[in-house]
Amino acid sequence: MQMMKHFSLVTAAMIATVLALALAPGSAAAKIVELGQTATPIASPVCPTGVPATQCSIILTRTTAIQSVSDGVGYPATVKRSGWIVAFTVGLSQLSSNAKTEKSYIHIADQAYGGTAQLALTVLKPGPKSKFTVTAQSAIFHLIPFLGQVLQEPLSLPPSFTQFTALPVKAGDVIGLTVPTWAPVLAYNLSTTKFAYRQSRTTNCKTFAAGETAQLTVGASTRYLCDYTGTRVEYSATEVVNNPYPKKYVHGPRR
């Protein structure tokens, strides 16, 4: 996968331009859907009250995650109509308000999980027995400059963001968050009946992944058997839904 840098000053403008073009007068009215967003807004995770930083489980490591329940909604990042994923939103913890302490935490995580914080957006086709197959995946996004933020990014290529790289999706696909190293994106100690997510792992679910379990190859399949209740992965994906040709329309002259 391509490595991607960030140019956050143009992010909002880029997304606004995409949506403006989709909804421009004279064009078919495209529908914009935020997959994964439920009643609770995406937020930057914080350690629950009374939990020391050394015991705070807000970091997702070396796996692909799918939100299975959010605010009581099952698999909220499921595609209802075919279209294109054009952007994503992710809530990132600051780790510490003390810059020196935060730098120490980042260094420890980098050493433990094989590199700096990063993620990719993954399109998954569900199958039997909790098996999911990768049908498309974004480039890798680096996260360190954005810790402590709710980050919104378009799926486009630097440095000028002129080449658009939307991900095609079909009805029934599920959008997952792939973390090949680590990312502080987990909000936990939530309602166990209203929030849960799954990881692309089959064993040793009560411990951190001993090696890489993230789905990083298009076409690869694996079972998501590690289920974590009371936890939310803070992400969503922006879809522009396809507009099929109307059944009846006026044809122009042939040339």
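Derivation of every value follows stated rules applied to the coordinates shown; laboratory data play no part. The shown structure was predicted, so the numbers you read here are calculated from the model rather than taken from an experiment. A quick note on method: Cβ atoms are made from the backbone with ideal geometry, for glycine too, and the neighbour counts reach across all protein chains shown.
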Completion exercise
Diffusion coefficient in µm²/s returned for the range 163-203 by Stokes-Einstein, Kirkwood Rh over C-alpha pairs, 4 °C and 1.567 mPa s, is 93 µm²/s
Practice task
For a quick protection proxy, order the peptides 113-121, 187-195 by their average other-Cβ count within 10 Å, most packed first.
Solution key: 113-121, 187-195
Problem - Two-decimal log10 I(q)/I(0) for the range 98-154, as the Debye equation yields it once each C-alpha is a single scatterer, q = 0.14, 0.22, 0.27 Å⁻¹ - result: -0.58, -0.93, -1.09
Handout entry: For q = 0.13 Å⁻¹, Debye-computed log10 I/I(0) when each Cα of the range 34-167 counts as one equal scatterer
Key = -0.68
Fill in the blank from the handout: With Thr178 itself left out, Lys, Arg at +1 and Asp, Glu at -1 over residues whose Cβ is under 14 Å from its Cβ give +2
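Quick check: convex hull of the Cα atoms in the range 53-101, volume per residue, rounded to a whole Å³?
Numbers: hull volume 7.4 nm³, N = 49.
Given the Cα convex hull of the range 53-101, per-residue volume reads 151 Å³.
Cβ under 9 Å from Ser70's Cβ, Ser70 left aside: what net charge do those residues give with Lys, Arg +1 and Asp, Glu -1? Display every interim value, and only then the final one.
Values: positive: Lys194, Arg232; negative: Asp71.
Every neighbour counted, the sum reads +1.
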Exercise for the section: Could you run the Debye sum over the Cα atoms of the range 3-241, one equal point scatterer each and no solvent, and tell me log10 of I(q)/I(0) at q = 0.10 Å⁻¹, two decimals? Expected result: -0.44
Practice task
Would you list which lysines come within 21 Å of Lys206, measuring only between C-alpha atoms, while excluding same-chain residues fewer than 8 positions from it?
Solution key: Lys129, Lys131, Lys194
